[in-house]
Each structure stands twice: as C-alpha cells, then as structure tokens.
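Colleague: The structure under discussion is supplied below as structure tokens; questions concerning it will follow.
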Amino acid sequence: MIKNLKIKKVLECEIDNELTENIQELLTVSFQDIYPNNRIYFKQVPHFRFLAFNEEKHLLAQVGLDYRVMNLSGKLIKVLGIIDLCVSRESRTKGIASLLLSEIDKYCVKKDIDFLLLFADNKTLYLKNGYKSVKNKCKWLKIEDRNQTILGIGYEEKSELMIKKIGMNEWTEGDLDFLGYLY
Ligand SMILES: CC(C)(COP(=O)(O)OP(=O)(O)OC[C@H]1O[C@@H](n2cnc3c(N)ncnc32)[C@H](O)[C@@H]1OP(=O)(O)O)[C@@H](O)C(=O)NCCC(=O)NCCS
C-alpha cells in the first residue's frame, strides 16, 4: 500500500487544464494505443471522478463515474457506472484500484443508487471487489469515437457486463436499455 494516498472527488466541469493534462497522460499510458490522445474521455464525459494522488501530489490513479437511469426489463433503475479505472504502471498491484472501488462503495451509502455497473474484459479485480457478471441483452446509443457522432442503436448481449447491488432492488435477466451511450 502506498503511504499517504489522497483520494479526491472532482466534478468533470471543474477540471482545469493542468489536471486535464495529468489525467490525459495517465489514460493514454494505461490504455495504450486505444485511448484518444486529444481528450480525457472515450465517448462522452463522465459526471465526476475519483482521483488518487501520492504525497508529492502526483496523480497515480483515476476512475470516472456516470450517474443515470436505465431500463432493466421494463423497470427503471438508478445506476452509477464505472469508467476507465486505471492506475499508473509503477503503482500497480499495491491495492490502489481496490481502494478506489471501496471509495466508490462508501460514496454509494445512503445515495439514490440501485447498482454499480461496469464493463471488463478481465474480471479478476472486480470479482475480488464484490462485483458479479450478468447476462443481459444491452441496448445503447452507438457513438463513433473518432468523429464523435451518433452511429445508431446497438442491441446485443455484452459478456463484459458486471454489476454490484447497492440498494434493495434485485438484478434481473432480460433487456437492459442504457438510455444513452455505453461506457
Ligand atoms: C486493472 C488495474 C486498474 C488494477 O490496478 P491495481 O491498483 O494494480 O489493482 P489492485 O492492486 O487493487 O488489485 C490487483 C489485482 O487486479 C487484478 N488485475 C490485474 N490486472 C487487471 C486488469 N487488467 N483488469 C482487471 N483486473 C486486473 C489482479 O487480480 C490483481 O491481483 P493479483 O496481482 O494478486 O492477481 C491496473 O492494472 C490498470 O490500470 N490496468 C490498465 C488499465 C485497465 O485495464 N483498467 C481496467 C479497465 S476495466
């Protein structure tokens, strides 16, 4: 564990140029060639982020969060989506990603949130932190990330989908309408 790690919650619209540059560097290094090099989001801006800084105030890790209503088999649910969680290479396997996930858990207490939701190719970290895989056919607004234009509607099962129950509602099978883009 890194000593004196400081986690800050920042609203997206309050991020200044210097912080944008630091987040940009972290994202491009963490997601290598796949991340756009001219912005700090992939398809759409998140609503807020948790950022982890070391004692020297260097940014070590970040996670974006998107709050939205989704339609799960005809029932409306409030979802906090987890986006682009990453930790700088030299700070990995020291529990920082897990710490950010637990910070998100703490944030969810007494909030109007039914589920946390994310997509992961590698599920290990999330399974260790209480998330589970679910199988739902997803419907979402497709965005072409190069030109940032709407492409149409996607409708298919996503094997990377994971959730964590927060409120009293149970997750169910069936269609999951994102009522927006997919992160
Ligand atoms: C995935 C990632 C955020 C983990 O950060 P971390 O601070 O090292 O995570 P923790 O120390 O809390 O937990 C480490 C565990 O995460 C798991 N893990 C490692 N790489 C992973 C990956 N790419 N995706 C999911 N889980 C991963 C392993 O189980 C590891 O434990 P182990 O080394 O004992 O097997 C970090 O490796 C990273 O930034 N990777 C590049 C970006 C990325 O793939 N983000 C995930 C998007 S879904």
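Colleague: Top to bottom by accessible area (1.4 Å), largest first, where do L116, L125, L11 land? Please report the intermediate quantities before stating the final value.
Modeller: Numbers: L116 0, L125 50, L11 70 Å².
I get L11, L125, L116, largest accessible area first.
Colleague: Okay, moving on. Enumerate by residue number the trypsin sites (Lys or Arg not before Pro) in region 2-75 meeting two conditions: DSSP loop (anything except H, G, I, E, B), and at most 13 other Cβ atoms within 10 Å of the site's Cβ. Write down the numbers at each step before the final one.
Modeller: Values: sites: K3, K6, K8, K9, R39, K43, R49, K57, R68, K75; in loops: K3, R39, K43, K57.
Hits after loop and neighbour filter: K3, K57.
Colleague: Let me ask another. Give me the one-decimal Kirkwood hydrodynamic radius in Å for region 6-181, with the sum taken over alpha-carbon pairs.
Modeller: 17.0
Colleague: Now, a different point. Between helix 17-30 and the chain, what is the angle of the helix's C-alpha long axis to the longest principal axis, kept within 0 to 90° and rounded to the nearest 10?
Modeller: Tilt of helix 17-30: around 70 degrees.
Colleague: As a check on your grasp of the helix formula, calculate [θ] at 222 nm for the chain: sum -39500 (n - 2.57) over DSSP H runs of n ≥ 4, divide by the residue count, round to the nearest 500.
Modeller: Details: 3 runs with 32 residues, N = 183.
That comes out to -5000 deg cm²/dmol.
Colleague: Filter K43/K132; K75/K106; K8/K142; K106/K164; K8/K123; K78/K110 down to the pairs with a C-alpha to C-alpha distance above 22 Å, please. Mind dumping the intermediate values first?
Modeller: Details: K43/K132 25 Å; K75/K106 25 Å; K8/K142 31 Å; K106/K164 13 Å; K8/K123 25 Å; K78/K110 13 Å.
Listed pairs above 22 Å: K43/K132; K75/K106; K8/K142; K8/K123.
Colleague: Please calculate how many Å² of accessible area the chain carries per residue, with a 1.4 Å probe and no DNA, RNA or ligand atoms counted.
Modeller: Numbers: 10310 Å² over 183 residues.
That works out to 56 Å² for each residue.
Colleague: If you don't mind, another one. Net charge near K123, counting Lys/Arg +1 and Asp/Glu -1 over other residues with Cβ under 14 Å of its Cβ? Mind showing how you got there, number by number?
Modeller: Working: positive: K128, K132, K135, K158, K164; negative: D121, E160.
Residues close to K123 contribute a combined charge of +3.
Colleague: On full extension of the chain, what length is gained from N147 through K78, given 0.36 nm per residue of separation minus the C-alpha to C-alpha distance?
Modeller: Values: separation 69, 0.36 × 69 = 24.84 nm, distance 2.95 nm.
The N147-K78 span can extend by a further 21.9 nm.
Colleague: What percent of all Cα-Cα pairs in region 1-47 falls into each 5 Å bin, going from 0 up to the bin containing the maximum distance?
Modeller: 4, 19, 24, 25, 16, 9, 2
Colleague: Quick check: the angle from helix 96-108's long axis to the longest principal axis of the chain, C-alpha only, nearest 10 degrees?
Modeller: That works out to roughly 50 degrees.
Colleague: Can you grab the distance from the C-alpha centre of region 132-183 to the C-alpha centre of region 30-57, Å, no decimals?
Modeller: Centre-to-centre (Cα) distance: 21 Å.
Colleague: Would you mind telling me the share, in percent, of accessible area of region 6-181 contributed by carbon and sulfur at probe 1.4 angstrom?
Modeller: Values: 4830 of 9780 Å².
Here carbon and sulfur together make up 49 percent of the probe-accessible area.
Colleague: Counting GluC sites (Glu not before Pro) as exposed when in a DSSP loop with at most 16 other beta carbons within 10 Å, what is the longest stretch of the chain free of them? Write out the running numbers ahead of the final one.
Modeller: Working: sites that count: E55, E56, E160, E170, E173.
In short, 57-159.
The values are calculated or read from the model by the stated rules, or taken from the named source; none is laboratory data. Values in this document were obtained by computation on a predicted structure and should not be read as measured data. Because the Cβ atoms are built from the backbone with ideal geometry, glycine has one as well, and the counts that use them run over all protein chains shown. For the accessible areas, the whole protein counts, side chains as well, though only heavy atoms, and no ligand, DNA or RNA atoms are used. Shrake-Rupley method; radii C 1.70, N 1.55, O 1.52, S 1.80 Å.
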